[in-house]
Amino acid sequence: MHEGGFMDGPDGDEDDDEGSPTILFLGARGSGKTSIVQVVFHKLSPHETMFLEQSAAADAQLIDHNALHSYEVWDLPGDARLDAPVPFDHDEEMEVHPGALLARAGAVVLVVDAQQAASQEWTQYCR
């Protein structure tokens, strides 16, 4: 693993795209991170999000509509910890390092489900 890298491939090479700003979605499991990403960036109807599966791995998407709207969107699973790598959805041999992603993020969206009981899970991101 490279110091400060957010994702290492099977050969140890860091895969880091510095050209696009990063938006990082964080929050507890089942809070609606993936649903928000699908509705906002992929125009999925909000009522269709009820059928989405919970994320078990980190997902990254490059949103590239034009020169002004070009950015990476990272959706981390709810059980992701900042100090431990999580699997990458598109390649089982790769791991994502949430702490490094957070350090380079241009924006962080912390999703909290107001209908769920208060949880200490999401407070790890606020430290």
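The values are calculated or read from the model by the stated rules, or taken from the named source; none is laboratory data. Values in this document were obtained by computation on a predicted structure and should not be read as measured data. Neighbour counts are summed over all protein chains in view; Cβ atoms, including those assigned to glycine, are modelled from backbone coordinates with ideal geometry.
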Filter region 94-115 down to the residues that are in contact with a strand residue (DSSP E or B) (Cβ under 9 Å, 6 or more places away or on another chain) and of a type outside the set (A, V, I, L, M, F, W, C) and list them by number.
95, 97, 98, 104, 106, 113
Looking at 75, 83, 91, which is the one that is surrounded by 11 or more Cβ atoms within 10 Å (Cβ to Cβ) and either out of contact with any helix residue (DSSP H, G or I) (no Cβ under 8 Å at 6 or more places or on another chain) or over 14 Å from residue 30 (Cα atoms) (or both)?
91
Please work out which one of (1) hydrophobic (A, V, I, L, M, F, W, C); (2) over 21 Å from residue 114 (Cα atoms); (3) in a loop (DSSP other than H, G, I, E, B) is the condition residue 74 fails and give its number.
(3)
Subset of region 97-127 [in contact with a Leu (Cβ under 8 Å, 6 or more places away or on another chain) and at pLDDT 90 or above]
98, 99, 101, 102, 105, 107, 108, 109, 110, 111
Under 8 Å by Cβ, and 6 or more places apart or on different chains, what pairs join a residue from region 69-85 that is within 14 Å of residue 57 (Cα to Cα) with one that is of a type in the set (D, E, K, R) and in a strand (DSSP E or B)?
74/59; 75/59; 85/95
Just to be sure before I move on: is residue 8 acidic (Asp, Glu), buried (at least 18 other Cβ atoms within 10 Å of the Cβ) and modelled with pLDDT of 90 or more in the structure I sent?
no
